[in-house]
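I have placed the structure first, in the form of structure tokens, so that the comments after it can refer back to it.
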Amino acid sequence: MIDRYTRPAMGRIWTEENKYRCWLQVESAASTVLAEDGVIPAEAAEAIANKAGFSVARIQEIEAEVKHDVIAFTTAVSDTLKAQGLDAESRWLHYGLTSNDIVDTAQALQVKEASTLLRYGMVELLAVLKRRAIEFKHTPTIGRTHGIHAEPTTFGLKLLNWFAEMERNLARFDAAAEDMRVGKLSGAVGTFGHLKPEHEEKICERLGVKPAPVATQVIQRDRHAAYISTLAIVGSTLDKIAVEVRHLQRTEVREAQEYFSEKQKGSSAMPHKKNPITSEQISGLARVLRGNAQAAFENIALWHERDISHSSVERVIFPDSTILVDYLLAKTTDLIDRLLVYPARMKKNLESTGGLIFSGQLLLDLAEAGMLREEAYRLVQSHAMRSWKEDLVFRDEVAKDAAITKLLTTEKLARTFDYTRQLGNVDVIFLRVLGA
């Protein structure tokens with residue numbers, strides 16, 4: 001991923017340096033367990049654990065010749081041991097292992113590191129969403145369906161919906177991350193041709209991962225697809241939030257907008273512009289995450305016990321997806337934290353149609369007062385369409401209709417057009433989501 005969207009802590013996880021450090025960690029754990037079982041000399045395990053090292057530049061130099069990254073790695077590590085006079089010990093490095101025993105298990109360690117940061121980012125966003133949902137719990141605004149005014153809601157309920165969705169995302173993510181906390185050291189086709197299942201169990205335990213119950217030469221890629229697609233779902237939720245902010249910031253709406261700093265510029269040509277650039281960035285990068293999910297699905301079907309078609313894909317989609325979600329979570333948290341909200345404008349928009357948004361309530365009140373529903377619908381719709389077409393005040397037109405006023409007194413009509421009546425259950429909804 002390019003530096004523009006890479007935060008340092010997440011970026012470090014996906015450096016070549018850290019990747020090879022994880023590889024060496026797996027090699028060291030494997031040799032330690034094998035030494036404890038008497039398979040290799042204890043001196044070799046001690047040397048690999050405490051004296052083996054590597055140079056990324058040297059690994060790349062060797063790989064340029066041998067065209068195999070794991071061989072380049074083991075050669076470079078062995079060379080560091082030989083340079084210390086540990087030739088005999090170096091021959092036990094990578095004993096009984098195949099390339100993907102190291103690569104897949106080490107990848108689980110990197111994903112585990114990345115998941116810790118991502119989980120922290122999700123928890124931070126949840127805290128901000130909760131705080132601002134409570135802040136605007138009873139701030140009335142117009143609800144829109146198909147982009148058209150529907151019935152009253154509150155701005156707090158918008159935020160609460162996002163909070164609840166992120167809670168579900170966190171649960172999905174925890175499950176997907178746990179499913180990725182899996183290693184495998186079962187050999188070339190997963191049959192433990194050279195090591196024993198108990199070796200794998202002990203090695204994985206030392207590394208803080210679980211052994212895959214069954215594998216081929218690789219851990220099966222349904223796990224990886226579930227993880228990457230979960231990140232895409234998280235990104236899509238952030239996209240959903242961003243799209244709403246973009247709509248609310250439109251000139252015709254102006255109910256909320258991104259924070260705009262004193263020295264910030266919106267346009268090179270139009271000095272008046274305040275554009276929702278953060279929200280648009282979130283929406284754009286979420287598309288990359290969804291594209292990566294498709295690539296992860298394609299990785300599930302490999303030839304026989306393994307081919308290498310997934311490897312090149314994962315070199316891109318795992319760093320890029322985790323880096324992007326880390327970045328987008330921080331951006332969205334800041335967006336919501338500093339979001340400028342305009343309750344007065346919300347109230348003005350809510351009242352802008354002269355009460356049209358209460359047509360449904362009027363229909364129910366007329367039916368309750370004794371009018372047949374079909375007749376009530378026809379009557380209310382005729383007033384609504386005329387008010388819409390001729391830019392009349394629906395509330396006033398209804399009050400002039402004798403067929404309505406003979407059933408609904410002035411007091412009852414006032415209640416029909418009282419938005420607080422329809423928002424009477426907001427506290428209950430908050431209680432259902434947040435608890436007491």
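The values are calculated or read from the model by the stated rules, or taken from the named source; none is laboratory data. This is a predicted model, so every value here is computed, not measured. Using ideal geometry, Cβ is built from the backbone for each residue, glycine included, and neighbour counts are taken over all protein chains shown.
The set of residues in segment 302-329 being among the hydrophobic types (A, V, I, L, M, F, W, C) and at pLDDT 95 or above consists of Val316, Ile317, Phe318, Ile323, Leu324, Val325, Leu328, Leu329.
Only a single criterion out of (1) in contact with a Gly (Cβ under 9 Å, 6 or more places away or on another chain); (2) assigned to a loop (DSSP other than H, G, I, E, B) is not satisfied by Leu109, namely (2). Taking the residues in segment 46-61 that are assigned to a helix (DSSP H, G or I) and not β-branched (Val, Ile, Thr) as candidates, determine which candidate is nearest to Ala76 (Cα to Cα). Checked segment 46-61; the qualifying residue nearest to Ala76 (Cα to Cα) is Arg58. Selection within segment 304-330: residues that are of a type in the set (Val, Ile, Thr) and in a helix (DSSP H, G or I). The member of this set that is farthest from Ser115 (Cα to Cα) is Val313.
Annotation: of all residues in segment 128-162 being farther than 18 Å from Val341 by Cβ and hydrophobic (A, V, I, L, M, F, W, C), the one that is surrounded by the fewest Cβ atoms within 10 Å (Cβ to Cβ) is Ile148.
None of Leu366, Leu362 is more than 46 Å from the chain's Cα centre (by Cα), closer than 17 Å to Asp418 by Cα and crowded, with 20+ Cβ neighbours inside 10 Å except Leu366. Helices (runs of 4 or more DSSP H) fully within segment 331-395 that include at least 1 residues being closer than 17 Å to Thr139 by Cα: 343-350.
Here Tyr5 clears all of (1) under 30 Å from Tyr120 (Cα atoms); (2) without any contact (Cβ under 8 Å) to a residue 24 or more places away in the chain except the condition numbered (2). The set of residues in segment 273-288 that are in contact with an Asp or Glu (Cβ under 6 Å, 6 or more places away or on another chain) and either assigned to a loop (DSSP other than H, G, I, E, B) or surrounded by fewer than 17 Cβ atoms within 10 Å (Cβ to Cβ) (or both) contains only Pro276.
Only a single criterion out of (1) at positive phi; (2) in contact with a helix residue (DSSP H, G or I) (Cβ under 8 Å, 6 or more places away or on another chain); (3) not aliphatic (A, V, I, L, M) is not satisfied by Ser283, namely (1). When you scan segment 96-122, how many residues do you find that are surrounded by fewer than 18 Cβ atoms within 10 Å (Cβ to Cβ) and either among the small types (Gly, Ala, Ser) or outside the structural domain of Asp174 (by TED's automatic domain parsing) (or both)? Result for segment 96-122: 0. Considering only residues of segment 112-140 that are of a type in the set (Lys, Arg) and part of a helix (DSSP H, G or I), which is nearest to Leu207 (Cα to Cα)? Only one residue fits best here, namely Lys112. Where residues in segment 395-436 are of a type in the set (Phe, Trp, Tyr) and touching a Gly at 6+ places or on another chain (Cβ under 9 Å), which of them is farthest from Ser352 (Cα to Cα)? The qualifying residue farthest from Ser352 (Cα to Cα) is Phe430. State whether the residues of segment 408-421 include one that is among the small types (Gly, Ala, Ser), surrounded by fewer than 14 Cβ atoms within 10 Å (Cβ to Cβ) and either in contact with a Cys (Cβ under 8 Å, 6 or more places away or on another chain) or free of Cβ contacts under 8 Å to residues at least 60 places away in the same chain (or both). Yes, there is a match, as at least one residue in segment 408-421 is among the small types (Gly, Ala, Ser), surrounded by fewer than 14 Cβ atoms within 10 Å (Cβ to Cβ) and either in contact with a Cys (Cβ under 8 Å, 6 or more places away or on another chain) or free of Cβ contacts under 8 Å to residues at least 60 places away in the same chain (or both). If you go through segment 388-407 and keep only what is buried (at least 18 other Cβ atoms within 10 Å of the Cβ) and touching a Ser or Thr at 6+ places or on another chain (Cβ under 8 Å), you end up with Phe394, Glu397. Look through segment 176-199, keep the residues that are touching a helix residue (DSSP H, G or I) at 6+ places or on another chain (Cβ under 8 Å) and surrounded by fewer than 17 Cβ atoms within 10 Å (Cβ to Cβ), and return whichever of them is farthest from Lys112 (Cα to Cα). Ranking the candidates gives Phe192 first. If you check Leu81, Leu34 for being touching a His at 6+ places or on another chain (Cβ under 8 Å) and either over 30 Å from Val433 (Cβ atoms) or at pLDDT below 95 (or both), only one passes: Leu34. Looking across segment 173-212 at every residue that is over 26 Å from the mean Cα position of the chain (by Cα) and among the hydrophobic types (A, V, I, L, M, F, W, C), the one that is nearest to Val33 (Cα to Cα) is identified as Ile203.
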